[in-house]
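Just below is one structure, and these are the notes that go with it.
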Amino acid sequence: MDWKEVYEAQEKGTLKAQAGRCMDCGVPFCHQGCPLGNLIPEWNDLTWRDKGEEAIERLHATNNFPEFTGRLCPAPCEASCVLGINQPAVTIKQVEVSIIDEAWDNGWVEPLPPARLTGKTVAVVGSGPAGLAAAQQLTRVGHTVAVYERDDKIGGLLRYGIPDFKMEKEQVDRRVEQMKAEGTRFRTGVAVGTDVTWEQLRRRYDAVVVCTGATVPRDLPIPGRDLDGVHFAMDYLVPANRAVAGEAIENQIHAQGKHVVILGGGDTGADCLGTAHRHGAASVTTLAIGKQPPAERAGHQPWPTFPTLFEVASAHEEGGERTYLASTVEFVGEDGKLTGVKVAETEFVDGKRLPKAGTERIIPADLVFLSLGFTGAEPAGITEQVKAEFDGRGNVSRDGYYMTNTEGVFVAGDAGRGQSLIVWAIAEGRAAAAAVDKYLMGSTILPAPVAPTDRAIAVL
């Protein structure tokens, strides 16, 4: 089992047949489902007519990085497809990724440098999808943009949080090269708040955009939490991704020959699962405290809303056990080392999920990965140096124009809306860029696909 992307390109005839199923709806609800407002019927039609160069032009009109969303987005557009009322939706996501892959293969993706410079400067802090989208939009209208990233390479969680079997890093590298050719500047290995202060950025640049993500992991403070072998998911995934990139990692958490338990059934848990498979784990068990989602759309989540469904990712197809209604009670161990996880059945009492007495059992475990989501942005430096306020959900507060309570400092992506989808991050990056441009120039030609208070799509 290697680390290459697991999904192969779709056969051309099948792809055109899927694109041809698009009905050119009078009211295309796929637009409602996509935060970017992707022009889905248009590029479906162009794909069906074998006009790939025109299709990528329409796709890029609303989406800076369709190779990211086409691989990583859960496709709320498909949940809103009108065909989905009574038959399978168009495989929009597959058409999207095929359009951009063909474009790269044929040299249709070129730098778009600005015709003139405005003389205004912008610092973007964080190089995930929100930061990259904001930076590219602002560069293309003529601002001088520098992206600050504390890691040694650009990409944020796209680089070190997403395993290569879901998206190989060539996808990030060639976008970075395109952005460099357009004029965007990148500053890696710079931790804003320590290596350079937020105040220094504010003095040096005309505007600052915070795109640091929601990186504070949710903990599980139960007995045994301090045992050796209990880790946050990202403490496992980041070094694993670095190792795949050829780096020598000291004291890497490795699952070879070990019994692994993953707490949390979302995308990050699936990433841990696929990584553990490739490490040669003896067994992998995923525990979720709630009920198993239904295979079909539930009545309280009617079309065209985004339903919660039982999903089988590629990592689940590779193996492992999934257990639902499992409440983790305690991490057990000997001599300071983890040996198992005590779990009980989940029961619902007054709307709360609690372990049911008398149902406890111990699952053998050498490693446990906490994949329980994230609680918000890291406050270090932002609070003290920028005086930016945080809301009750751990996110950096902003007004209706993406600006914090400190003038000239904006926030976009997960840092401002909380843990969400990659398509929302790109949409917010584009919208924040429009707000920054208007702040600097008095008006803007940039599109603003979403408002900072828009929560039309459920957060995973």
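The values are calculated or read from the model by the stated rules, or taken from the named source; none is laboratory data. For clarity, every value in this text was computed on a predicted model and none was experimentally measured. All Cβ positions, glycine included, derive from the backbone under ideal geometry; neighbour counts span all protein chains shown. The protein model used for the area step is the full one, side chains on, heavy atoms only, and it has no ligands, DNA or RNA in it. Shrake-Rupley method; radii C 1.70, N 1.55, O 1.52, S 1.80 Å.
Counting only protein heavy atoms and a 1.4 Å probe, the range 307-460 has 47 square angstrom of accessible area per residue.
Candidates ALA233, PRO221, TYR205 compared by Cα position along the dipole of the range 194-248: farthest toward the positive end lies TYR205, with charges placed on Cβ.
Set the Cα radius of gyration of the range 121-169 against 2.2 N^0.38 Å, with N its number of residues, and you get 1.22. For the range 1-126, the number of Lys pairs with C-alpha atoms closer than 19 Å, counting only pairs eight or more positions apart or on separate chains, is 5.
When THR286, THR339 are compared by accessible area of protein heavy atoms, the largest-first order is THR339, THR286, using a 1.4 Å probe. Using a cutoff of 8 angstrom between alpha carbon atoms and counting only pairs six or more residues apart, the relative contact order for the chain works out to 17 percent.
Expressed as a fraction of 2.2 N^0.38 Å, the value expected for a compact globular protein of N residues, the C-alpha radius of gyration of the range 141-278 is 1.25.
Of the accessible area of the range 191-285, computed with a 1.4 Å probe over protein heavy atoms only, carbon and sulfur atoms account for 45 percent. When all protein chains stay in place and ligands, DNA and RNA are ignored, the 1.4 Å accessible-area order of TYR324, TYR148, largest first, is TYR324, TYR148. Rounded to the nearest 10 degrees, the angle from helix 92-105 to the longest Cα principal axis of the chain is 60 degrees. In the assembled protein chains, TRP48 presents an accessible area of approximately 130 Å² (probe radius 1.4 Å). With protein chains left intact and a 1.4 Å probe, residues in the range 1-147 average 42 Å² of accessible area per residue. Restriction of the chymotrypsin sites (Phe, Trp or Tyr not before Pro) in the range 401-433 to DSSP coil positions whose beta-carbon has at most 15 other beta-carbons within 10 angstrom yields no sites. Ordered from highest to lowest accessible area with the whole protein assembly present and a 1.4 Å probe, LYS153, LYS342 read as LYS153, LYS342. Bridgeable lysines around LYS291 (alpha carbons under 22 Å apart, same-chain partners fewer than 8 residues away excluded): LYS342, LYS352, LYS356. In percent, rounded to a whole number, the relative contact order of the range 20-103 is 35, using alpha-carbon pairs under 8 Å and six or more apart. Summary of packing: across the peptides 413-419, 100-106, 352-358, the per-residue average of other C-beta atoms within 10 Å ranks them, highest first, as 413-419, 100-106, 352-358. Protein heavy-atom surface of the range 324-409, 1.4 angstrom probe: 49% of the accessible area is carbon and sulfur, with nucleic acids and ligands not counted.
Dividing the C-alpha radius of gyration of the chain by 2.2 N^0.38 Å, with N its residue count, gives 1.00.
Pairwise Cα separations in the range 236-282 fall into 5 Å bins from 0 onward with the following percentages, short to long: 5, 21, 32, 25, 13, 3.
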